[in-house]
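Working notes for the structure below.
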Amino acid sequence: MNIQEKKSALRLLLVAAWLTALAALADKICIKATTPNPAKKKVTIAKTVVASNESCPRKFVELIDTGAFLKTYGDGSAGAKTVSSPETLGADAEPNNDPNLQFTDFTVASGVELTVPSGTVIRCTGAFTNNGTITVRTGARGGNWLGGDDSTQTASVTMAEAGVSKAGAGNGELGGSAKTRFYGLGGVGLSEFEARQLRFPGTKAGGGGGAADSNSSTAGKSGGGSLVVLCQGPIVNAGAINANGQSANPSSYPTEGGGGAGGIVILASKTSISQLAGGSISANGGDGEKSDSDQGPSGGGGGGIVHLLAPVISITDPNSITVTKGAAGQNGAEDSVTADVRGGGGGGGACGGNGGNGGSVDADNDPLAAADGTDGHILQTLVDPTSLFS
């Protein structure tokens with residue numbers, strides 16, 4: 001490029017900046033370049049501004065759609081927010097509970113926990129900084145058998161919700177002791193390519209686990225929820241962001257079924273994303289329930305999805321982001337399933353990773369082993385994400 005060409009390019013950049021400054025935030029700027037006197041190598045630029053949802057006039061080309069910034073990063077109308085004491089975003093009981101999540105800057109202070117509902121989308125025209133703990137509530141619920149005993153002809157059945165997966169977890173088969181009672185299948189997770197296409201996962205992210213027996217109304221465990229953060233400025237995480245699937249509690253009476261899959265965390269910045277020392281993001285699958293006297297062991301939940309999108313991404317510790325599989329429930333001893341009505345173990349929920357299959361109970365009263373889930377996806381995309389979310 002010669003000196004004259006460089007000067008022309010610089011002029012065009014200055015003109016573009018000037019035209020952008022004249023447009024409203026939701027406008028589309030269109031330009032048309034003409035050369036009325038080619039001998040003098042002069043270029044005349046005409047400008048027109050239309051609404052963001054309109055097309056440029058004939059012979060005009062789009063220079064910039066400023067509405068894309070508004071759609072992606074919000075308008076900042078909620079102002080700056082600092083979470084300085086424990087808070088549940090969106091809870092009716094919280095003081096100053098405003099459903100507007102379009103901030104200028106958003107900060108969670110050190111030592112403070114912010115709980116957010118699954119499906120939360122936070123937009124910032126400025127920066128997002130987390131020095132505390134952000135806990136994402138669960139979304140997709142687990143399956144359930146209810147009402148099975150010697151007199152039951154058809155038990156009440158609720159299937160596990162699939163969440164963001166290709167197939168939901170199955171409940172274990174329920175029936176008498178004369179025959180083998182088969183396991184519930186684990187859910188089927190997304191491929192890496194499919195996971196990269198997600199933008200707004202919604203309230204049901206990680207899939208719920210399948211039920212294992214009939215003595216609980218909360219048999220399968222719930223899947224992890226989703227959180228999306230979109231910032232025009234930098235995103236800095238020095239705290240913890242957790243969107244884990246639920247695990248069966250090994251110390252409680254075992255009526256909890258397959259583990260819930262890990263949830264989904266998407267962070268997107270037009271500027272940069274930095275995960276500092278001590279920062280962590282987890283979307284882990286939950287563990288399945290152990291075998292007991294009326295059921296086989298249940299499968300572990302699949303790992304979730306964490307996707308970071310920005311032109312610059314810096315992670316101090318690569319091991320600080322986890323989408324780990326959930327473990328299968330512990331298997332029991334031979335001849336340990338003694339109940340007349342018993343069930344196979346429930347399958348684990350899926351999201352990024354597959355859920356593990358539950359374990360059957362054979363006609364000799366022996367529980368058979370269940371399977372772990374599989375790990376989910378940790379993704380990084382070096383890109384200006386503005387147009388991907390508009």
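The values are calculated or read from the model by the stated rules, or taken from the named source; none is laboratory data. None of these values were measured; they are calculated from a predicted model. Cβ: placed from backbone, ideal geometry, glycine included. Neighbour counts: every protein chain shown.
Within the range 214-236, how many residues turn out to be β-branched (Val, Ile, Thr) and either at pLDDT below 95 or touching a helix residue (DSSP H, G or I) at 6+ places or on another chain (Cβ under 6 Å) (or both)?
1
Among the residues of the range 52-85, write down those that are surrounded by 12 or more Cβ atoms within 10 Å (Cβ to Cβ) and at pLDDT below 75.
Correct list: Ser52, Glu62, Leu63, Ile64, Asp65, Thr66, Gly67, Ala68, Phe69, Leu70.
Considering only residues of the range 338-362 that are modelled with pLDDT of 95 or more and aliphatic (A, V, I, L, M), which is nearest to Ala195 (Cα to Cα)?
Filtering the range 338-362 for residues that are modelled with pLDDT of 95 or more and aliphatic (A, V, I, L, M), the one nearest to Ala195 (Cα to Cα) comes out as Ala350.
Hey, Val236 hits all of (1) closer than 19 Å to Phe389 by Cβ; (2) surrounded by fewer than 22 Cβ atoms within 10 Å (Cβ to Cβ) but one; which does it fall short on?
In the conditions (1) closer than 19 Å to Phe389 by Cβ; (2) surrounded by fewer than 22 Cβ atoms within 10 Å (Cβ to Cβ), Val236 misses (1) alone.
Considering only residues of the range 375-390 that are within 19 Å of the chain's Cα centre (by Cα) and assigned to a helix (DSSP H, G or I), which is surrounded by the fewest Cβ atoms within 10 Å (Cβ to Cβ)?
Top of the filtered list is Leu388.
Based on what the data block shows, is Thr129 among the hydroxyl-bearing types (Ser, Thr, Tyr), surrounded by 21 or more Cβ atoms within 10 Å (Cβ to Cβ), at pLDDT 95 or above and out of contact with any Asp or Glu (no Cβ under 7 Å at 6 or more places or on another chain)?
yes
Need pairs with beta-carbon distance below 7 Å; first residue in contact (Cβ under 8 Å) with a residue 12 or more places away in the chain and within the range 222-248, second assigned to a loop (DSSP other than H, G, I, E, B) and basic (Lys, Arg); sequence gap 6+ or separate chains.
Note: pairs meeting the criteria are Ser222/Arg141; Gly225/Arg137; Gln232/Lys270; Gly245/Lys221; Gln246/Lys221; Ser247/Lys221; Ala248/Lys221.
Can you say whether Ser298 is touching a residue at least 40 places away in the same chain (Cβ under 8 Å), surrounded by fewer than 24 Cβ atoms within 10 Å (Cβ to Cβ) and over 15 Å from the mean Cα position of the chain (by Cα), as far as the supplied structure shows?
So Ser298 does not fit the description; no.
Looking at the range 86-124, which of the residues that are farther than 17 Å from Gly76 by Cα, among the β-branched types (Val, Ile, Thr) and surrounded by fewer than 20 Cβ atoms within 10 Å (Cβ to Cβ) is modelled with the lowest pLDDT?
Thr88
Being among the aliphatic types (A, V, I, L, M), in a loop (DSSP other than H, G, I, E, B) and surrounded by fewer than 19 Cβ atoms within 10 Å (Cβ to Cβ) is the requirement here; does Ala162 meet it?
no
Between Glu334, Glu289, which is part of a loop (DSSP other than H, G, I, E, B), within 26 Å of Gly168 (Cβ to Cβ) and among the charged types (D, E, K, R)?
Glu289
Inside the range 312-326, can you point out the residues that are part of a loop (DSSP other than H, G, I, E, B) and not polar (S, T, N, Q)?
Val312, Asp317, Val323, Lys325, Gly326 - these are the residues of the range 312-326 that are part of a loop (DSSP other than H, G, I, E, B) and not polar (S, T, N, Q).
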